[in-house]
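J.: Could you have a look at this structure, given as structure tokens, before my questions?
Throughout, read-outs are computed from the coordinates displayed, never taken from laboratory work. The structure presented is a predicted model; accordingly, all values stated were derived computationally and were not measured. Note: ideal-geometry Cβ built from the backbone for every residue, glycine included; neighbour counts use all protein chains shown.
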Amino acid sequence: MLGAMELAAQTISGSDRLDRFRLLMARLDPAGDPARALAAGFYVAPTGSASTRIAARLALASTSTHLLVGGVGSGKTTQLLDVKRRLDQLADTCALFIDVTRRHDIDKLMPGVIIVQVGLVLADALASLGEKRGEDAAMTLRTQAHGYNYDPDMSDDDYLVHVPGLLVPPEARLAESVRDASEPVKQLVALLHARWKHIVVLVDGLDRLVDMVAFEQLVENDVRALAALGVGVVLAGPLRSLYGVDRTVTQRFDDFHYQPWIDPSDGEGACFLANVLRRRLPEDALDEQGLEALVQHSGGVLRDLIALAQLSCVEAYMGDSEAIGLYQADSAIDTFGRKHMQGLRPEEIEVMQRVRTKGLFVQTSDDELALLMTRRVLEYRSNGRPRYVVHPTIDPFLREMAGEQR
């Protein structure tokens with residue numbers, strides 16, 4: 001796999017066709033690490049980005065808490081990383097990025113999981129400074145995170161009992177788990193304050209969480225405990241926290257930020273999306289017709305825009321074309337749409353037909369929210385008012401099912 005700097009530095013004008021397309025594919029990886037894309041210079045800042053607002057607020061109030069919500073593929077991770085990049089420019093601030101899902105199964109979340117992981121990252125930051133006074137606190141946190149073994153009868157045999165830690169479901173009561181982790185984290189924060197006046201953690205990976213009760217427990221326990229320790233928190237949360245009774249969780253943060261999908265029917269939005277692809281591809285790799293088709297059919301979902309461009313790249317390579325044009329884009333759009341039509345139940349299709357023809361969408365059930373979370377239905381906002389459409393790659397298939405001309 002190419003590193004970020006290698007990816008940015010390599011040109012795509014080589015004579016070897018296979019190497020050229022391999023590099024194009026690498027630049028168009030929708031599941032790629034956003035940190036690598038940012039480092040390679042592929043990031044295009046949208047107008048009025050959430051990262052700009054969050055970073056400004058944290059610069060002024062470093063212990064504030066923030067909830068960032070948006071659909072899957074809307075660029076929340078990139079926004080968190082951009083907040084970190086901005087805060088890293090402040091000499092008195094330590095900003096740490098944490099992906100909760102890298103160390104823990106998201107289906108087994110419970111209070112204590114975030115604060116323990118924050119503590120482990122704080123310990124790593126201290127170690128990078130050559131500071132040894134936090135080693136005892138770090139060891140305590142590792143034990144709480146991963147559990148420990150002990151000999152129940154103090155015998156010489158090899159029989160050991162494993163006591164699970166926070167990063168697997170423990171038997172201990174939930175409130176105790178947070179209190180136990182808070183003390184060593186407090187020690188690490190105090191030691192880091194000798195180097196940085198302000199500490200901010202950016203927590204990623206919770207946007208796909210379905211269990212809102214578990215999410216609320218994390219907010220009520222871990223986020224509150226970190227705030228009490230003087231640590232600023234930015235957390236990327238699930239989209240459903242915007243709707244119904246789940247909206248109350250947003251009130252537990254000092255600030256709430258919505259990361260919307262970008263409306264490609266808006267001139268400014270379309271220009272931004274086009275620039276995202278132009279930043280990744282040389283001019284001779286994608287013609288204007290192909291570019292416009294990809295932008296409009298992405299629905300403004302950044303992940304889908306990159307995925308469609310990558311599918312188009314495959315079509316170009318298989319069709320002995322040297323560039324992505326309208327034909328290749330249309331083939332990719334058709335493939336993408338067919339994939340997202342699979343598995344839909346009649347009730348879901350009925351909802352999407354109503355959205356397509358009338359723009360009506362009411363989030364009254366988990367099934368309807370699932371259409372939003374899987375990007376089959378998209379929400380755009382203008383002046384705070386929502387507008388709903390079906391994903392453009394699905395629209396032709398719905399028209400066909402309704403007996404309309406595609």
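J.: Counting each DSSP H run of 4 or more residues in the chain as -39500 (n - 2.57), what helix-only mean residue ellipticity at 222 nm follows after dividing by all residues, to the nearest 500 deg cm²/dmol?
T.: -14000 deg cm²/dmol
J.: Still on this structure, please answer the following. Which whole-number percent gives the relative contact order of region 346-401, counting Cα pairs below 8 Å spaced six or more residues apart?
T.: 33
J.: For helix 135-146, report the angle its Cα long axis makes with the longest principal axis of the Cα atoms of the chain; keep it between 0 and 90° and round to the nearest 10°.
T.: Around 60 degrees separate the two axes.
J.: For region 346-401, evaluate the Debye formula with one uniform point scatterer on each Cα (no solvent term) and list log10 I(q)/I(0) at q = 0.17, 0.27, 0.29 Å⁻¹, rounded to two decimals.
T.: The computed values of log10 I(q)/I(0) come out as -0.49, -1.17, -1.31.
J.: Calculate the all-directions average of the projected area of region 50-259's alpha-carbon convex hull, and give it in nm².
T.: Projected area, direction-averaged: 12.4 nm².
J.: Further, regarding this structure: Below 8 Å between Cα atoms, with a sequence gap of 6+, how large is the relative contact order for the chain in percent?
T.: 20
J.: Compute the separation of the alpha-carbon centres of region 333-406 and region 178-202 and state it in Å as a whole number.
T.: 45
J.: I would also like to ask the following. Shape of region 311-406 from its Cα gyration tensor (a ≥ b ≥ c, root eigenvalues): rounded if a/c is under 1.5, otherwise prolate when a/b > b/c, or oblate?
T.: prolate
J.: If you take the beta carbon distance between Arg17 and Arg208 as r and set R0 to 25 Å, what does 1/(1 + (r/R0)^6) give as a FRET efficiency, to the nearest 0.05?
T.: Between Arg17 and Arg208 the formula returns 0.10.
J.: So what is the relative contact order for region 50-259, in percent, with contacts set as C-alpha pairs under 8 Å and at least six apart?
T.: Averaging sequence separation for qualifying contacts and normalising by length gives 38 percent for region 50-259.
J.: Please report, in whole Å³, the volume per residue of the convex hull around the C-alpha atoms of the chain.
T.: About 184 Å³ per residue, rounded to a whole number.
J.: Further question on the same structure: Dimensions of region 190-288 along principal axes (Cα, Å, largest first)?
T.: Here the Cα extents, ordered largest to smallest, are 54, 42, 20 Å.
J.: Can you tell me the mean projection area, over all orientations, of the convex hull of region 61-120's alpha carbons? Units nm², please.
T.: Mean projected area for region 61-120: 5.2 nm², to one decimal.
J.: Work out how far the C-alpha atoms of region 299-347 reach from end to end along every principal axis, then list the three figures in whole Å, largest first.
T.: 43, 21, 13
J.: Right, something else. Please report the spacing between the Cα centers of region 56-104 and region 249-327 in Å, no decimals.
T.: 24
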